[in-house]
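The values are calculated or read from the model by the stated rules, or taken from the named source; none is laboratory data. In this text the structure is predicted, and so the values were computed from the model without any measurement. Cβ placement follows ideal geometry from the backbone for every residue including glycine, while neighbour counts extend to all protein chains displayed. Heads up: the accessible areas ignore ligands, DNA and RNA and are worked out on the full protein's heavy atoms, side chains in. Shrake-Rupley method; radii C 1.70, N 1.55, O 1.52, S 1.80 Å.
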Amino acid sequence: MKNSKLDKLRKKPVEVELPDWVKSGNKMTRKLYYATIELVEELKIQIKNGASKDLKVTDRTLINAHIAKKADVSDTNIRKDRQEDLFKFIKEQNDILLDMWKLGGRHSTDGRRMSKPELEIAKKSLQSEVKNLENKKYHEFFRELINSQVIVEQRSLAKRYAALQADYNTAQETIANLRLAQQQLIKQLSEENK
């Protein structure tokens, strides 16, 4: 199936805001993070489309070997002592995927009210999504704030530079006038001493 939804998903990269642990990590961390994000998106699509009913546990959760294969690296690169934050991220994503699977795959809620456990699962999933959206909005807000502060600071520095340049030019003229006056005084003193 060349035109399947998964192929389309693979062709366009998923744009995400990088967490600090990824930004400060090495190239391998970034590569594994992006592979994890892509796999999560693929699994979410499968779960939402109802394909999750027939999936084994290893096919509906993140597995280190699958992530390594997606990133085109050896699975020995995914070690807890090297990628501790990645392991935490994978666990969080697996919890979300499990919640989605429980909601979408095994317990259909069409035509009835959701039970308390189902509501708690949906709540956790939505809270995670809200947290991600809040972080993204905060990031955008602070970026705009910093940019506006930089513009204000640049204007202030430009005004200050112009004032300092004017003071410098005035000081240069004063120095030139004082040198001229000094030369005239020396000339007068030398003529009087003759």
Nearest-0.05 FRET efficiency for residue 17 and residue 153, computed from C-beta distance (R0 25 Å): 0.45
Accessible area of the range 77-194 belonging to carbon and sulfur atoms, whole % at 1.4 Å probe: 54
Cα-Cα over 26 Å, subset of 69/91; 69/131; 80/116; 91/116: 69/131; 80/116
Residues of the range 75-183: accessible area per residue with a 1.4 Å probe, Å²: 82
Karplus 3J(HN,Hα) series, Hz, for the range 83-98 with 6.51 cos²θ - 1.76 cosθ + 1.60 (x for Gly, Pro): 10, 4, 5, 5, 4, 5, 4, 4, 4, 4, 5, 5, 4, 5, 4, 4
10 Å-binned pair-distance histogram of the range 68-194 (Cα, whole percent): 9, 15, 15, 14, 10, 8, 8, 7, 6, 4, 2, 1
Reachable aspartates and glutamates, given that their alpha-carbon falls under 19 Å from the alpha-carbon of residue 102 and they are not under 8 places away in the same chain: 41, 42, 54, 59, 92, 110, 118, 120, 129
Approximate spin-label separation residue 166-residue 30, in nm, with each point projected 7 Å along Cα-to-Cβ: 4.7
Protection-proxy order for peptides 180-188, 125-133, 93-101, each taking the mean of Cβ atoms within 10 Å per residue, highest first: 93-101, 125-133, 180-188
